[in-house]
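Below: the structure, in structure tokens.
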Amino acid sequence: MKVGVVTFPGSNSDVDALNALSVAGVDPITLWHESPDLQGVSAVILPGGFAYGDYLRAGVIARFSPVMRGVSEFAAAGGHVLGICNGFQVLAEAGLVPGALLRNRSLRFACRMVAIKPERLDSPFTRAATGRPIHIPIAHGEGCYYADEATLDELERDGQVLFRYVRGDGTPALDPDDPANPNGSLRAIAGVCNAAGNVAGLMPHPERMSESILGSDDGMQLIRSLVESAMEWEAAGRPASAKAAAAVEARR
Amino acid sequence: MSDVITTRPSPAEPPRPEPLHRQLGVTDEELDAIRGKLGRDPNHVELAMFSVMWSEHCSYKSSKPLLKTLPTRGSGMLAGPGDNAGVVRIGDGLAVAFKIESHNHPSAVEPYQGAATGVGGILRDIFTMGARPIAVLDALRFGDPTDPRTRHLVDGIVRGVGGYGNCVGVPTVGGELVFDPSYQGNPLVNVMAIGLLEERMLILAEAPGPGNYVVLFGSTTGRDGIGGASVLASATFADSDPNKRPTVQVGDPFAEKLLIEASLELIDRRLVEGIQDLGAGGITCASSESADKAGTGILMDLDAIPRREPGMAAWEVMISESQERMLATCRPENYPAVREVCERWGIPIALVGRVTTEGDIVIVEGGIGAGGLPNPGAKEIARVPAKALTSEAIVHYRLATPPTRRRQAPAPGIPLTAQDGLPERGMDPAAVLVALLGSPNLSSRKWVYEQYDACVQSNTVDWPGHGAAVLRIKGTKKALVATTDGNQTVSALDPYLGAQLSVAEATRNVSITGARPLGITNCLNYGNPERPEAFWQLQEAVRGMGDACRTLGVPVTGGNVSLYNEYPGGAISPTPEIGVVGLLDDISFLVRPPFTTAGDSVVLIGHSAPGMAGSAYAALAGLSSEDAPPSVDLDREAALQSFIREAIGRVLVASAQDVSGGGLAVAIAECCMWSGLGASLKLGVSGSPAIELFGESPGRLVLSCRPRQAAAIELLARQFGLAAETLGTVGGDRLRIELTGQGATGAAEERGSRVADALDVSLAGLRHTWDHGLARALGVEPGPGHEAVHEAAHESEAVQPAATDAGD
């Protein structure tokens, strides 16, 4: 089974995603930004970095790249897509996941360990998670999750909030000024998925906590979840999903 | 009023414009030498080329005679001084490339771009050798942190380092941040980069093979950074001179990221014969150095150089320091493939010239024909022997004179004002410790390093903030350990000693992890070499660095000299910044500074010696007239570093921490804070408690180990001729150091009734002060300035009963 990692010019955490996938025991391949052909991969990771230099606004140029046409079609067909950090920003700009990522409330780039907690364990991106807080790093300047109140209510109601930043006691850091909420995200949202549940984005970097030598392999819970979901989808003969098609279509 | 009139030029004598060569920073004497090399007068283009290549920055014309004395041979060295970066073999077919460089003056003029292009420049030095950059360390020095201009510089420079490194995808894993009044008008931005390469990737910056194509790829050429090397970096300057802003280059990390990928692909596929980045001196420097190294010449077509703005004069094109550009040599048959790689990465590329046999750099307008000769009608606008620009550039043998009156202690320290409530000399040691840990130079650097991506590339084993940086090497059991250290306070008093201490500390910080230092790279930040006292400081520093490296058995693999670090208010304290990379053969042996386990024994290795001048304690509490800088015993330092590597290799050591800034008490407090484990210790005091607790004499370590290993460690230390003393035990939530021995009582009497014979503080209190000290000093975090003092007073209350007893 192949899992693809997209390389935009300016992607830099693609090496981390490739490394984590290797640790998970799958063959990762690089998908070059100029081609919409995903080469038959079973899942896609949009990695961190500064795609196309992130000029204008993070992710805004990348959404128009040829590879994103392929990614949209893959998502509409029910394939699993995970956007990490800049990849999340690209997915949000492309309308494949709801919401927007604003500048951190501190107005500074922030790199440090955070704790996030999966809101549900039955999603394709959290199925291998323990449910306890996951300690992984952030490294971004524009990670403050924003959506209007009605959308936030809807996301919570529909189970589209996948991860929240949590404090030491495991409770969500809902106050945007709480130090455990590293960028001021509304309702402490660290990651969301689309309505069909097959496209997800999060700001922290699970792929950078992939081996105990790096501090921990906590992030592998999420990488393994993606790999398991992709294997299952592949084993089932890549079933089409009307919901996924509708979710992608609705966002266009 | 008459005063004013006399200072104006008389209307009868309008000021005559400076001759062109002087405007370009070339002295009359140097112009004569240029005439000698050419056998004629240089034209404007040639003069501009000489002006950058004979600048201090490019030619090392003042420092070259000194640098030749440094030990530059070491086992496994594949490239060294004179190459873009030092390269050392590390086994498994791999090698490490590393180098440190300054970007002081650009950062003073335009902090964000100055720092950003400093990072970009040093990264290019690394990947030009065929190495993938894997880490950056930044050593920053500023004036008073409470000054608005300092705060502006800190903010811009930190953003610049982060803005570039974060985007280009190279983690910033360590460095230094130091405040000292001597940097008030002239901050220091020294950036070190480390790269990893397969040995087969090693490539040199040369232009071999007459007939080969010379190609320029990367960003286009513009007017930014014109005169950066000659005007900005090689002269003293008045701060915030707006006329110098255009001499600062503008960085584009996205372009650099593409340049890294394209360059490494070109090297990996052996499509290029030689490659050189365009840094200081631009095309002139890259072409003349490449040709000189290969013993060739280059014919270049000025019209073929892609510009980003119209109307540039030939001399501007030749010395522009526009960033993110590379010059490479390739066989004509490989050119289509070279072009394909660049185009795939979206990088402009142009065929700009040919390698020739004649040894000259020849610039023509009007194009080069298919035969490699200038087109008929093409005009030659410059012809200069490559050697004359580089290896045979002018050398100045400067006058070195020791200062007639050595600067008296105290060394420049953080300004002492009443409201800071800093402890007086002899005050309760707990209060001193709290004040030291909250001081701008010793508090946590978290506010800075959290703005840098520290973990991209998945190699960072230990995050910044706890000693040397550690990077694993994928696919092996090995790890690289890196640090930067520089001692400017002792250097201000004795530049020879200061340089020795800097080398000793930097190598020690690598050795205490169990790693073996591979080599040092150095950034020498000094004053105007035309001033004999400043040149003497440089001379002494090079001598000290060389002596230390020889005794410690570590080669100098390269470095950078930054002179003219002066401003109207004065000169900086001489600053020898030492970068070290070490190799740990098996990462499972890695030892870190924080304590690991309650119940472990704490062992002090080495003994303290008098000499408080230049210490953090002296800067805070003032200095006694009898204080001198601490002395260094390099043989003992070498023994200490061999001992600790041996002890770690025998798995005797749980944690190892170096005693440096703030002395033993600060070193132990850090081990406690970083681990969350307290300690209960007894320290024998023979002389003054201040010297034992806060003195910074080198060659000491604090180890922790399983209690049953303590005897083995002490024995091993004695075999290396080192003193060893078990101080006590790790555990609890307080740090308690009981002072015993003769010195304790005597000193207590001297200190009066306010003091204790024990230092006793809660970790929570220490941690709070340490965590917030820097952000508060910089004013980025609200906090009453006297809070630290309040806490100190509160903490010291806990030990008052003991103090009273002692007083009785």
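The values are calculated or read from the model by the stated rules, or taken from the named source; none is laboratory data. Keep in mind that this is a model prediction, so the values were computed, not measured. Cβ coordinates were reconstructed from backbone atoms using ideal geometry, including for glycine residues, and neighbour counts include every protein chain displayed.
Residue by residue, here is whether (1) buried (at least 19 other Cβ atoms within 10 Å of the Cβ); (2) in contact with a Ser or Thr (Cβ under 8 Å, 6 or more places away or on another chain); (3) part of a loop (DSSP other than H, G, I, E, B) holds:
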| residue | (1), (2), (3) |
| --- | --- |
| A:Asn181 | yes, no, yes |
| A:Val192 | yes, no, no |
| A:Val227 | yes, no, no |
| A:Glu234 | no, yes, no |
| A:Pro239 | no, no, yes |
| A:Ala246 | no, no, no |
Practice item. Please enumerate the residues belonging to the stretch B:445-457 that are in contact (Cβ under 8 Å) with a residue 12 or more places away in the chain, assigned to a loop (DSSP other than H, G, I, E, B) and either facing chain A (nearest Cβ under 10 Å) or surrounded by 24 or more Cβ atoms within 10 Å (Cβ to Cβ) (or both). Key: B:Gln451, B:Tyr452, B:Asp453, B:Ala454, B:Cys455, B:Val456, B:Gln457
Exercise for review: Give just the number: which of (1) surrounded by 23 or more Cβ atoms within 10 Å (Cβ to Cβ); (2) part of a loop (DSSP other than H, G, I, E, B); (3) within 14 Å of another protein chain (Cβ to nearest Cβ) does A:Val97 not satisfy?
Suggested key: (3)
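Quick test for you: out of A:Leu56, A:Leu21, pick the one residue that is without any contact (Cβ under 8 Å) to a residue 24 or more places away in the chain, within 14 Å of another protein chain (Cβ to nearest Cβ) and more than 13 Å from the chain's Cα centre (by Cα).
Details: A:Leu21 fails: without any contact (Cβ under 8 Å) to a residue 24 or more places away in the chain.
Every option except A:Leu56 fails the conditions.
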**Study point:** Selection within the stretch B:697-713 - closer than 10 Å to B:Gly606 by Cβ and in a loop (DSSP other than H, G, I, E, B)
**Key:** B:Ser697, B:Pro698, B:Gly699, B:Arg700
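Can you work out which of the residues in the stretch B:297-319 that are of a type in the set (Asp, Glu) and assigned to a helix (DSSP H, G or I) is surrounded by the fewest Cβ atoms within 10 Å (Cβ to Cβ)?
If we filter the stretch B:297-319 for residues that are of a type in the set (Asp, Glu), which is where we start, we get B:301, B:303, B:309, B:316.
Next, from what is left, pick out any that are assigned to a helix (DSSP H, G or I): B:303, B:316.
On the way: B:Asp303: 17, B:Glu316: 19.
This residue is B:Asp303.
Only one residue in B:Asp485, B:Asp494 is over 23 Å from B:Ser655 (Cβ atoms) and either surrounded by fewer than 24 Cβ atoms within 10 Å (Cβ to Cβ) or more than 14 Å from every other protein chain (Cβ to nearest Cβ) (or both). Which one? Step through it out loud before you land on a result.
Details: B:Asp485 fails: over 23 Å from B:Ser655 (Cβ atoms).
On inspection, the qualifying residue turns out to be B:Asp494.
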**Study point:** Residue ranges of strands (runs of 3 or more DSSP E) in the stretch B:714-789 with at least 2 members at pLDDT 95 or above and within 22 Å of B:Val685 (Cβ to Cβ)
**Key:** B:724-730, B:734-740
Check your understanding: In the stretch B:154-164, what residues are farther than 17 Å from A:Glu142 by Cβ and either facing another protein chain (nearest Cβ under 10 Å) or without any contact (Cβ under 8 Å) to a residue 40 or more places away in the chain (or both)?
Key -> B:Asp155, B:Val158
Point to revise | Any chance B:Asn528 is surrounded by fewer than 23 Cβ atoms within 10 Å (Cβ to Cβ), under 16 Å from B:Ser573 (Cα atoms) and either touching a Gly at 6+ places or on another chain (Cβ under 7 Å) or not small (Gly, Ala, Ser) (or both) | key: yes
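Determine if the stretch B:186-208 includes at least one residue that is acidic (Asp, Glu), in a helix (DSSP H, G or I), more than 14 Å from chain A (Cβ to nearest Cβ) and surrounded by fewer than 24 Cβ atoms within 10 Å (Cβ to Cβ).
First, pick out the residues of the stretch B:186-208 that are acidic (Asp, Glu): B:198-199, B:206.
Filter once more, so that each one left must be in a helix (DSSP H, G or I): B:199.
Adding the requirement that they be more than 14 Å from chain A (Cβ to nearest Cβ) leaves B:199.
Now narrow it down to the ones that are surrounded by fewer than 24 Cβ atoms within 10 Å (Cβ to Cβ): B:199.
Scanning the stretch B:186-208 turns up at least one residue that is acidic (Asp, Glu), in a helix (DSSP H, G or I), more than 14 Å from chain A (Cβ to nearest Cβ) and surrounded by fewer than 24 Cβ atoms within 10 Å (Cβ to Cβ).
Determine which member of the set B:Ser51, B:Ser63, B:Ser59, B:Ser102 is surrounded by 16 or more Cβ atoms within 10 Å (Cβ to Cβ), modelled with pLDDT of 90 or more and closer than 22 Å to B:Met318 by Cα. Quick ask: steps written out before the conclusion?
Numbers: B:Ser63 fails: closer than 22 Å to B:Met318 by Cα; B:Ser59 fails: modelled with pLDDT of 90 or more; B:Ser102 fails: closer than 22 Å to B:Met318 by Cα.
Answer to the selection: B:Ser51.
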Point to revise | Which listed residue is over 20 Å from the mean Cα position of the chain (by Cα) and free of Cβ contacts under 8 Å to residues at least 60 places away in the same chain, from A:Ser212, A:Ser185 | key: A:Ser212
Practice item. Give the residue that is surrounded by the most Cβ atoms within 10 Å (Cβ to Cβ), with candidates limited to residues of the stretch A:163-179 that are free of Cβ contacts under 8 Å to residues at least 60 places away in the same chain and closer than 23 Å to B:Trp447 by Cβ. Key: A:Tyr165
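If a residue has to be within 14 Å of the chain's Cα centre (by Cα) and surrounded by fewer than 24 Cβ atoms within 10 Å (Cβ to Cβ) to count, how many in the stretch A:195-205 make the cut?
Step one: of the stretch A:195-205, the residues within 14 Å of the chain's Cα centre (by Cα) are A:197-205.
When the remaining residues are screened for being surrounded by fewer than 24 Cβ atoms within 10 Å (Cβ to Cβ), the result is A:197.
Residues in the stretch A:195-205 being within 14 Å of the chain's Cα centre (by Cα) and surrounded by fewer than 24 Cβ atoms within 10 Å (Cβ to Cβ): 1 in total.
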Exercise for review: Kindly list the number of the only condition in (1) surrounded by fewer than 21 Cβ atoms within 10 Å (Cβ to Cβ); (2) under 33 Å from the mean Cα position of the chain (by Cα); (3) more than 19 Å from B:Gly279 (Cβ to Cβ); (4) of a type in the set (Gly, Ala, Ser) that fails for B:Gly36.
Suggested key: (2)
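Quick check on B:Gly114: is it within 19 Å of B:Ala482 (Cβ to Cβ) and in a helix (DSSP H, G or I)? Show your work before the answer.
Numbers: within 19 Å of B:Ala482 (Cβ to Cβ): no; in a helix (DSSP H, G or I): yes.
So B:Gly114 fails the test.
For residues that are outside any loop (DSSP other than H, G, I, E, B) and more than 8 Å from chain A (Cβ to nearest Cβ), tally how many sit in the stretch B:463-482. Before you say what the answer is, go through the steps one by one.
At the first step, the residues of the stretch B:463-482 found to be outside any loop (DSSP other than H, G, I, E, B) are B:469-472, B:479-482.
Then keep just the ones that are more than 8 Å from chain A (Cβ to nearest Cβ); that gives B:469-471, B:479-482.
Count: 7.
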Point to revise | Residue in the stretch A:120-144 that is farthest from B:Tyr164 (Cα to Cα), counting only those that are assigned to a loop (DSSP other than H, G, I, E, B) and within 14 Å of chain B (Cβ to nearest Cβ) | key: A:Gly143
Review point. Quick one: is A:Val6 away from chain B (no Cβ under 14 Å), touching an Asp or Glu at 6+ places or on another chain (Cβ under 9 Å) and in a strand (DSSP E or B)?
Key: yes
Study note, to complete from the structure: Only unsatisfied item for A:Lys117, checking (1) in a strand (DSSP E or B); (2) crowded, with 24+ Cβ neighbours inside 10 Å; (3) more than 14 Å from chain B (Cβ to nearest Cβ), is (2)
Check your understanding: Restricting attention to the stretch B:673-687, does a residue exist that is within 26 Å of B:Ala618 (Cβ to Cβ), among the aromatic types (Phe, Trp, Tyr) and modelled with pLDDT of 95 or more?
Key -> yes
Review point. Filtering the stretch A:206-225 down to residues that are surrounded by 24 or more Cβ atoms within 10 Å (Cβ to Cβ) and in contact with a helix residue (DSSP H, G or I) (Cβ under 7 Å, 6 or more places away or on another chain), which residue is farthest from the other protein chains (Cβ to nearest Cβ)?
Key: A:Leu222
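Limited to the stretch B:503-548, what total is found for residues that are assigned to a helix (DSSP H, G or I) and touching a strand residue (DSSP E or B) at 6+ places or on another chain (Cβ under 8 Å)? Lay out the reasoning, then the answer.
Of the stretch B:503-548, the ones assigned to a helix (DSSP H, G or I) are B:503-511, B:532-548.
When the remaining residues are screened for being touching a strand residue (DSSP E or B) at 6+ places or on another chain (Cβ under 8 Å), the result is B:503, B:505-511, B:534, B:538, B:541-542, B:544-546.
Qualifying residue count, the stretch B:503-548: 15.
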Review point. Could you say whether any residue in the stretch B:650-660 is of a type in the set (S, T, N, Q), surrounded by 23 or more Cβ atoms within 10 Å (Cβ to Cβ) and more than 25 Å from the chain's Cα centre (by Cα)?
Key: yes
**Study point:** the stretch A:145-162, residues that are touching a residue at least 12 places away in the same chain (Cβ under 8 Å) and in a loop (DSSP other than H, G, I, E, B)
**Key:** A:Ala147, A:Asp158, A:Gly159, A:Gln160
Check your understanding: So which pairs qualify, if the first residue must be in the stretch B:594-615 and under 15 Å from B:Glu692 (Cβ atoms), the second must be among the charged types (D, E, K, R), the Cβ gap must be under 6 Å, and the two must be at least 6 apart or on different chains?
Key -> B:Leu604/B:Glu725; B:Gly606/B:Arg700; B:Ser608/B:Glu692; B:Met612/B:Asp627; B:Ser615/B:Glu696
